[in-house]
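The values are calculated or read from the model by the stated rules, or taken from the named source; none is laboratory data. Only a predicted model underlies this, so the values are computations on that prediction, with no experimental measurement involved. Positions of Cβ are backbone-derived with ideal geometry, glycine not excepted, and every protein chain shown enters the neighbour counts. Side chains included, ligands, DNA and RNA excluded: accessible areas come from the protein's heavy atoms. Shrake-Rupley method; radii C 1.70, N 1.55, O 1.52, S 1.80 Å.
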Amino acid sequence: MKGDPGRELVVFTEALKVPVQERAAFLERTCAGDENLRHKVETLLSAHDRLGDFLEEPPTGASVE
Amino acid sequence: MGWSRRNTYWALRLEDGENGGGVRRVDEACWGASESSNMSDATVMLAAIEAGDSKAAEQLLVIVYDELRRLAASKLALEAPGQTLQPTALVHEAWLRLVGDQAPSFNDREHFFRASAEAMRRILIDRARRKHTKRHGGGYQRLDFEGFDLAAPLVDDQLLAVNEALDKFAAEHPVQADLVKLRYFAGLTNEEVSQVLGISVSTAKNYWTFSRAWLLNEMEG
């Protein structure tokens, strides 16, 4: 399964269900030495913390002001 | 009122960079011309897609694109200042105008929403690119009819950045990229998206969270 983009999604989704203080151990266990995968998921988890309402508002292509 | 509406028509025509086509479109939208023929065209294309006609999806996209542009132009021409285009409302109105209230098959909705998402993406990106070009001095002289093209530059720039990141995302995660197009550009809900993609609502939510994190990271990187 190494290098499978679907793995990134699965591990990210599962990691979000794990309490923050247990995530490092979860990733250690789940990625099992796949440092590339672990780095990718850690990066995504960090981006997740900054999401705010990113993309939640529809784009307004034009407006009449 | 008459004067300000006329100015908005001109702004739309110039905004669209066409030789008069925009005015005709606005007039059609206002007076409701040619609705019935478009409606039958769209249903014919939906049936053709179901029958496996490989060109029908592209033709449906053209029909949906034209209809959404017409609706967008009429909204911008008629609505009060401060109004913005709402993709969700446009897509659902286009559905009613093109397909009507005849009982659609499940697959018809899927094909229609996919075409709508792609059409809205093209409309919004083309518009943002033109405004971006104008702001940076290329192309045309800047036009500020009724403040029409003063829509926040940051919104346009984010739209273009999202679109660029989305192309990269699609190469690695095509299904999730489709979900982003349906949600972000066509304004579909999680429930609607899950039906179109044939996944559960909770999976749709998980994909959406993953996609937002991936795209934010890409755009910041």
Enter the mean number of other protein chain beta carbons within 10 Å of the beta carbon of each residue in B:199-211, as an integer.
-> 2
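Give the calculated FRET efficiency between B:Arg135 and B:Ala57 to the nearest 0.05, with a Förster radius of 45 Å applied to their Cβ-Cβ distance.
Values: r = 35 Å, r/R0 = 0.77.
Given R0 = 45 Å and the Cβ-Cβ separation, E is 0.80.
Using a 10 Å cut-off around each Cβ of peptide B:120-130, what is the average number of partner chain Cβ atoms that fall inside? Don't skip to the answer; put the middle values down first.
On the way: counts 3, 2, 0, 2, 5, 2, 1, 4, 3, 0, 0.
Mean partner shielding for this stretch: 2.
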Shielding by partners - mean other protein chain Cβ count within 10 Å, residues of A:40-46 | 3
Fully extended, how many nm does the chain gain between B:Asp101 and B:Glu164 (0.36 nm per residue separation, minus their Cα-Cα distance)?
-> 19.1 nm
Surpassing 31 Å at the alpha-carbon level, of the pairs A:Lys40/B:Lys131; B:Lys134/B:Lys168; B:Lys134/B:Lys205; A:Lys17/B:Lys75; B:Lys131/B:Lys168, are A:Lys40/B:Lys131; B:Lys134/B:Lys205; A:Lys17/B:Lys75
Karplus ³J(HN,Hα) for the range B:43-59 (6.51 cos²θ - 1.76 cosθ + 1.60, θ = phi - 60°; Hz, whole; x = Gly/Pro) runs 5, 4, 5, 4, 5, 5, 4, 4, 7, x, 6, 6, 8, 5, 5, 5, 5
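What's the total accessible area buried between chains B and A, using a 1.4 Å probe, rounded to the nearest 100 Å²? Intermediate results must be reported in sequence, preceding the final value.
Working: alone 11660 and 5260 Å², together 13860 Å².
Answer for the B-A pair: about 3100 Å² buried.
Heavy atoms only, 1.4 Å probe, whole protein assembly: order B:His132, B:His111 by accessible area, highest first. Intermediate values should be presented prior to the final figure.
Working: B:His132 65, B:His111 40 Å².
Output order, biggest surface exposure first: B:His132, B:His111.
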Distance (nanometres) between label positions extended 7 Å along Cα→Cβ at A:Glu28 and B:Ala47 | 6.4
Placing each pseudo-label 7 Å from Cα in the direction of the beta carbon, A:Glu57 and B:Ala171 end up separated by a distance in nanometres of 3.1
